[in-house]
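Right, one structure below, let's go through it.
What follows draws every value from the coordinates through simple rules; no lab data is involved. A quick note: this is a predicted structure, and the numbers were derived from the prediction, not measured. Using ideal geometry, Cβ is built from the backbone for each residue, glycine included, and neighbour counts are taken over all protein chains shown.
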C-alpha cells in the first residue's frame, strides 16, 4: 500500500488552485475517491491505495468557469504509476497549458 497527495498551483496568477475538484481512479477507471483542493491547493488522500497505475482527473473547466476565466482544458487527467512509497503529484496550471511532475 502507498499514500498519495497532490498540489495544484495556478501559474497564471501565482497562487494555489483552491477549490479544484479531483477524482482518483484505478487503472480500469474504477472510482476510488474524490476530494477538493484546500486553500493551499493541496489534497492528501487519507486512505492508502494499491501500487500500480492510477488516474487523477482535475475538473479544470468547472474551476476556471467559476472564476469567469476561459480555458482550453475542460479537464486534465494524469496517469501515474504508484509504487510502495508515498507519491506526490504536482500540477502547475494555466488556462492554456499545464505541467505535472512527481514531487516530494
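Things worth noting here:
- Order of 76, 32, 43 - criterion: other Cβ atoms within 10 Å of each residue's Cβ, fewest first: 32, 76, 43
- Our estimate of slack between residue 26 and residue 80, defined as 0.36 nm per intervening residue step minus the Cα-Cα distance, is 18.5 nm.
- Entry note: the chain has Rg to Rh equal to 0.95, where both radii use alpha-carbon atoms and Rh is the Kirkwood radius.
- Over the chain, Cα pairs under 8 Å with separation of 6+ residues give a relative contact order of 33 percent.
- Paramagnetic reach from residue 3 (point 7 Å along Cα→Cβ, amide N under 13 Å) across the range 70-95: 85-88
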